[in-house]
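Below: one structure, written as structure tokens.
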Amino acid sequence: MDAVEGATGRDGTPEPAAWSRRRSPAVLATMAFLGALTLLVLLWAGTGLPDRDWARVVAGAVLALVMGSTVGFLAVAATRGSGAAPRLGSWSDGVQGVRFDYSTATYCWFSLLVVGCVLVFLCVGVAIGSVLGVLPAAGAALLGWYLVVMLRHAPGGLLLSPAGIAHRGPTNFYAVPWSAVRGIEAWDLGTSALVVKAHASPQSVLRRYTGWFDTGELRYLPFLVVRTYWLAADREAIRSALAFYLAHPELRGELGSEAAVRRIAEGRTGA
């Protein structure tokens, strides 16, 4: 899964082959099918309004929400970032560095998808009733708690500081010191992923906000893995910045200042 140079990125530098493939025909077909089905379900739900068939209206609206948000999430998951600029920032621990924030669009689509699933569980629970209805209600409560925790720790992102690299994801926080980092790679994990290859270090920090109920990236520990569709900035610009400061330890001190923000924004990390 090592990075192999492939297509050309926005800044003219070669982009890793792991990131250069287009959306698969299967994903495009799924998006088209779900999009068309969403419209049909909305029309079906609308037919219940004249007769005040609220069960049909609610069921149709919930199904349309789930399918429509799935289409939206699949669309943003295939993007390479909007090119949003990095900024100087920090998190609650006070460590300051260059910060690449998560995409608002990805948060919105993912949140809508989770809300839709919560409503599906609730509707199923109400329809079943009795004792069996407790199970889908418990599923709704679990997903609702997951969503609240995720939004409470938003916005996530990637932070490059003089001390190391830190990632605040939807369900966890993981930071590794520069001394533990041995490579920066682009992987294809179904979607593009930025991978900081690191060895275990006593200076690394891991916090699980939702216990073992996470998004799956922690299975690669001690590597730091970020699925790039979460990041608002261009994925290749971020990979280039990480590789640059890994290769130039003498310049890592500037990561706590505007000098690093300017260097990355001006594309001076490609060499």
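Nothing in this text is a laboratory measurement; each read-out follows from the coordinates by a stated rule. Quick caveat: nothing in here was measured; it's all calculated off a predicted structure. FYI the Cβ positions are ideal-geometry reconstructions off the backbone, even for glycines, and counts take in every protein chain you see.
Membrane-span-like helices in the chain (whole DSSP H runs, Cα extent of at least 20 Å along the helix axis, mean Kyte-Doolittle hydropathy of at least 0.5): 25-46, 54-77, 104-128, 134-152.
Taking 7 Å steps out from each Cα toward its Cβ at residue 85 and residue 219 produces label points 3.9 nm apart. With springs only between Cα atoms under 10 Å, which of 166, 36, 241 fluctuates most in a Gaussian network model of the chain? Result for the chain, Cα springs under 10 Å: 36 fluctuates most.
Taking each DSSP H run with n ≥ 4 as -39500 (n - 2.57) and averaging over every residue of the chain yields -14000 deg cm²/dmol at 222 nm. Going from the fewest other Cβ atoms within 10 Å to the most, the residues 117, 108, 123 appear in the order 108, 123, 117. Considering only trypsin sites (Lys or Arg not before Pro) in DSSP loops that have at most 15 other Cβ atoms within 10 Å, the longest stretch of the chain without any of them is 53-267. Ordering 187, 145, 178, 44 from the fewest to the most neighbouring beta carbons within 10 Å gives 145, 44, 178, 187. Shown in residue order for the stretch 207-223 are the 3J(HN,Hα) couplings computed by the Karplus curve 6.51 cos²θ - 1.76 cosθ + 1.60 at θ = phi - 60°: 10, 9, 6, 10, x, 8, 8, 10, 8, x, 5, 6, 5, 8, 3, x, 5 Hz (x for Gly and Pro).
Put in line by how crowded their Cβ is, counting other Cβ atoms within 10 Å and starting with the fewest, 19, 212 read 212, 19.
Please work out the C-alpha center-to-center distance from the stretch 183-201 to the stretch 46-122 and express it in whole Å. First find each Cα centre; the distance between them is then 25 Å. So which residue, out of 94, 164, 144, gets the largest mean-square fluctuation from a GNM of the chain using Cα contacts under 10 Å as springs? Maximum among the listed residues: 94.
Springs join every pair of Cα atoms under 10 Å in this Gaussian network model of the chain, and among 192, 103, 257 the largest mean-square fluctuation is at 257. Over all other residues within a Cβ to Cβ distance under 9 Å of residue 172, the charged ones net out to +1, with Lys and Arg as +1 and Asp and Glu as -1.
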